[in-house]
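Each remark here refers to the structure printed beneath this line.
The values are calculated or read from the model by the stated rules, or taken from the named source; none is laboratory data. Owing to the predicted nature of the structure, the values given are computational and were not obtained by experimental measurement. Cβ placement follows ideal geometry from the backbone for every residue including glycine, while neighbour counts extend to all protein chains displayed.
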Amino acid sequence: MAVRFVKASVAALALLLGAAGARANEPSYGPNTYDRTLEALIAHEDIAGRGGWPKVPSTVTLLKPDMQGPDVAALKQRLMLSGDLPPETLPGDVYDANVVAAVKRFQIRHGLSDLGTVGRLTLKAINTPVETRLNQLTATLERLKGNGFSFAERYVVVNIPGASVEAVENGIVQRRHLAIVGRPDRPSPVLQANITSVNLNPTWTVPTSIVKADIIPHMRKDPGFLAKSHMRLLGAENREIDPATVNWATLTSPYFTVRQDPGPDNALGQMKIDMPNTEAIYLHDTPKKSLFRNDVRFNSSGCARVEGVRDLGAWLLEGTEWTLPALEAEIAKGERKNISLKKSVPVAWVYLTGWQGADGLVQFREDIYGLDTPQGIVTSTIPARKPRPKLIGTGEPAKPAAARGPAKTAAN
């Protein structure tokens, strides 16, 4: 009976996990994501109905290739039940090449560095119950059912829990990028917008919330912080204010704007991808590129830092004179420049913690903001955009209120 259970579970998952790279060029967020995720849900329901998968002991973190023993056997059993280890390689208790490959496969499916050995984050993912995975897949399906994003010929998707960016054209991923997104106390929002321009050597106007939370405390500790960071205080009519004239000890509500000069040390790096929206977020470069080496990349204040952002900028500007070499040459001048796209590109910021991935693998990410709840699903689903109102009987869009003149009130 146990053998039949193993074969049935692995067979169900094998249909989903497939060969690595089977559909590697398709987007993780696209018109087919719902159907594939539904298949993943059914397979994991089968595993749950058969008792789920066992926890492995924490001592598996001590294992290295060529070691053997009961911990290896327990790890192999767990990896086989999730379809990461072929059933025919289950016998034996040696940490051989098959086990290394299975651990790497598991790590890739969970957005972790594929080292082939079990570290703290891999152990946490391995010991996450199947019921949690079912909840993640269900949450994704609910979000996709309410999806209000229209998949255009060209679009960009930011998956917040995955801390990743995909550039998609004609249903094929042209570029994939690691990203750094909002930390839990400053989360990145779910939304849709249109990318309209690429800004080179941008300045950074620090949001008031960050001035209050970060800049003021820094200035209280180090009066030279603004100068070291190449930041200026600007008052009315952009007149510069001497930081020494500000009483930082008692300041609670800034009466000035903080702006950082362009340059390689600018918080936005040397490129910003503009996408006007009510949340005032965007994609950008960063001077702290070492952060992309981390498996956990939730360090920003809401915007997304993008690894290889210049390549993404060049993709967005295809069809214009702005090739990657041209962008590099312009950036080297150190001067601010705004380049409009030939045609705006839709962008979706989504919150998917469990889905069938672009390469045919079932992917899981941590529910970093705790939104895989009934209420959280509602607030993290992209709503459909409201159509512009039309004038009755004319078929023409209604004019903005300002164009129609002042509204009549009781006082009129």
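Every condition in (1) at pLDDT 95 or above; (2) part of a loop (DSSP other than H, G, I, E, B); (3) within 34 Å of the chain's Cα centre (by Cα) holds for E45 except the one numbered (2). The number of residues in the range 92-116 that are more than 21 Å from the chain's Cα centre (by Cα) and among the aromatic types (F, W, Y) comes to 1. Suppose the filter is assigned by TED's automatic domain parsing to the domain that holds V60 and among the aliphatic types (A, V, I, L, M); does I108 pass it? It is true that I108 is assigned by TED's automatic domain parsing to the domain that holds V60 and among the aliphatic types (A, V, I, L, M). Count of the range 309-320 residues, restricted to those that are buried (at least 17 other Cβ atoms within 10 Å of the Cβ) and farther than 16 Å from V157 by Cβ, is 4. Taken over the range 159-183, the criterion of being under 20 Å from D35 (Cα atoms), touching a Phe, Trp or Tyr at 6+ places or on another chain (Cβ under 8 Å) and β-branched (V, I, T) is satisfied by V168 alone. Whenever a residue of the range 206-218 is assigned to a helix (DSSP H, G or I), its partners that are buried (at least 16 other Cβ atoms within 10 Å of the Cβ), lying with C-beta atoms within less than 7 angstrom and at least six residues away or across chains, give the pairs I210/S301; V211/V258; I215/V206; I215/V258; I216/W248; I216/L251; H218/F225. Is it the case that the range 347-364 has a residue that's modelled with pLDDT of 95 or more and exposed (fewer than 13 other Cβ atoms within 10 Å of the Cβ)? Looking through the range 347-364, none of the residues is modelled with pLDDT of 95 or more and exposed (fewer than 13 other Cβ atoms within 10 Å of the Cβ). In the range 280-319, of all residues being β-branched (V, I, T) and in contact with a strand residue (DSSP E or B) (Cβ under 8 Å, 6 or more places away or on another chain), the one that is nearest to G119 (Cα to Cα) corresponds to V306.
Count of the range 174-202 residues, restricted to those that are surrounded by fewer than 18 Cβ atoms within 10 Å (Cβ to Cβ) and of a type in the set (V, I, T), is 1.
Residues in the range 59-96 that are in a helix (DSSP H, G or I), over 21 Å from F364 (Cα atoms) and among the polar types (S, T, N, Q): T59, T89. Restricting attention to the range 64-84, the residues that are surrounded by fewer than 21 Cβ atoms within 10 Å (Cβ to Cβ) and of a type outside the set (A, V, I, L, M) add up to 9. Does the range 61-79 contain any residue that is touching an Asp or Glu at 6+ places or on another chain (Cβ under 9 Å), without any contact (Cβ under 8 Å) to a residue 12 or more places away in the chain and of a type in the set (A, V, I, L, M, F, W, C)? So far as the range 61-79 goes, yes, one or more of its residues are touching an Asp or Glu at 6+ places or on another chain (Cβ under 9 Å), without any contact (Cβ under 8 Å) to a residue 12 or more places away in the chain and of a type in the set (A, V, I, L, M, F, W, C).
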